[in-house]
1. Select from the range 231-240 the residues that are open to solvent by 30 Å² or more (accessible area, probe 1.4 Å) and hydrophobic (A, V, I, L, M, F, W, C) and list them in ascending order.
2. Looking at (1) among the hydroxyl-bearing types (Ser, Thr, Tyr); (2) surrounded by 15 or more Cβ atoms within 10 Å (Cβ to Cβ); (3) at pLDDT below 95, which is the one condition that is false for Thr224?
3. Could you grab me the full set of residues in the range 39-54 that are more than 15 Å from Ala198 (Cβ to Cβ) and within 26 Å of the chain's Cα centre (by Cα)?
4. Considering each of Ile68, Ile86, Ile78 in turn, give the residue that is closer than 18 Å to Thr120 by Cβ and either among the polar types (S, T, N, Q) or surrounded by 15 or more Cβ atoms within 10 Å (Cβ to Cβ) (or both).
5. Can you report the number of residues in the range 17-65 which are under 21 Å from Leu128 (Cβ atoms), open to solvent by less than 70 Å² (accessible area, probe 1.4 Å) and not β-branched (Val, Ile, Thr)?
6. Residue check, Tyr161 against (1) modelled with pLDDT of 80 or more; (2) over 26 Å from Leu31 (Cα atoms), all met but one. Which one?
7. Does Ser40 meet the test of being in a loop (DSSP other than H, G, I, E, B) and under 26 Å from Gly183 (Cβ atoms)?
8. Would you pick out the residues in the range 193-216 that are of a type outside the set (A, V, I, L, M, F, W, C) and open to solvent by 10 Å² or more (accessible area, probe 1.4 Å)?
Amino acid sequence: MKRRLKIYTPFISAGMQEVATYRVNWIFYMLGNVVVCFVSYFIWRAVYASGDGGAMNGFTMPQMIVYIVLVFLTNTMIASDVSYVIGEEVRDGAISMRLLKPVSFNATFLFQEIGNKLFTEFILALPLIFAVEVIRTAFSGEVQFDVLRFFLFLFSAATAYLIYFFFNICFGFVAFITKNLWGVNTTKNCIVSFLSGAVIPLSFLPAQMETVFLMLPFSSLNYTPVMIYMGKYSGPELLFYLGLQLFWAVVFFSLSKLFWKLISRRLCVQGG
């Protein structure tokens with residue numbers, strides 16, 4: 001096990017160096033997400049101002065602010081652009097060099113992204129968690145931070161990342177056939193963002209739609225970790241949704257292995 005991890009350590013280092021080297025791109029990417037947060041805040045403030053000032057679908061306005069910030073945090077934790085990278089490498093031929101390496105194709109992407117996240121979360125996670133707790137304390141008048149719930153949130157977010165990573169690996173294999181994935185990938189990101197609860201909480205949807213969406217893998221990406229942190233899930237319900245996350249992680253991991261065996265034979269390198 002240690003030997004296998006040692007093999008992939010350079011990929012973790014490469015991921016960290018990539019963020020450090022292209023830090024301006026990273027900064028503007030994060031600024032774009034911050035702008036989205038502010039837009040969401042003002043939209044929801046207008047929505048609540050037009051109502052009676054009470055809770056809507058289980059969320060008060062202060063809770064909605066916390067939800068917005070936590071979605072921003074979970075988005076950075078689960079973000080994976082592996083499908084885009086696979087598409088670009090197929091398009092320019094760089095995929096051939098990756099295939100020549102005597103290591104797992106999927107693992108090279110996974111460990112590189114882990115390095116990326118170690119750098120990102122070191123900078124963002126603590127300030128965002130602190131901001132969330134300040135907001136919750138300011139509105140409630142008491143400290144609401146719960147250590148157990150926080151670690152359950154971290155476990156849920158880590159599982160959510162694995163779900164999204166292996167889903168994107170499966171999706172990225174489409175580039176082996178289509179040779180270009182940019183447009184489809186953009187559409188996929190928009191759909192996943194909505195289905196994961198990043199746009200609006202799933203509890204705001206009609207009851208039947210909410211029930212269906214909660215069973216889909218995408219609700220496990222943003223909605224489940226955020227609801228765990230906010231204390232909306234507890235007891236058997238909490239265990240059910242954590243179990244559902246693990247189920248989808250295993251499903252997409254298995255599919256990524258299966259699709260790789262089926263699709264790798266169809267690769268036609270265009271560039272390089």
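The values are calculated or read from the model by the stated rules, or taken from the named source; none is laboratory data. Note that the structure is a prediction, hence the values are computed from the model and not measured. Note that we place each Cβ from the backbone using ideal geometry, even for glycine, and neighbour counts take in every protein chain shown. Quick note on the areas: whole protein, heavy atoms, side chains included, nothing else; ligands and nucleic acids left out. Shrake-Rupley method; radii C 1.70, N 1.55, O 1.52, S 1.80 Å.
1. Pass one, the range 231-240, residues open to solvent by 30 Å² or more (accessible area, probe 1.4 Å): 231-232, 234-237, 239-240.
Those that are open to solvent by 30 Å² or more (accessible area, probe 1.4 Å) and hydrophobic (A, V, I, L, M, F, W, C): Leu239, Phe240.
2. So the condition that Thr224 fails would be (3).
3. Phe42, Arg45
4. Working: Ile68 fails: closer than 18 Å to Thr120 by Cβ; Ile86 fails: closer than 18 Å to Thr120 by Cβ.
Step by step, each of Ile68, Ile86, Ile78 is checked, and only Ile78 is closer than 18 Å to Thr120 by Cβ and either among the polar types (S, T, N, Q) or surrounded by 15 or more Cβ atoms within 10 Å (Cβ to Cβ) (or both).
5. 14
6. Checking Tyr161 against (1) modelled with pLDDT of 80 or more; (2) over 26 Å from Leu31 (Cα atoms), the one that fails is (2).
7. No: the conditions fail for Ser40.
8. If the condition is that a residue be of a type outside the set (A, V, I, L, M, F, W, C) and open to solvent by 10 Å² or more (accessible area, probe 1.4 Å), then Ser193, Ser203, Pro206, Gln208, Glu210, Thr211 are the ones that fit.
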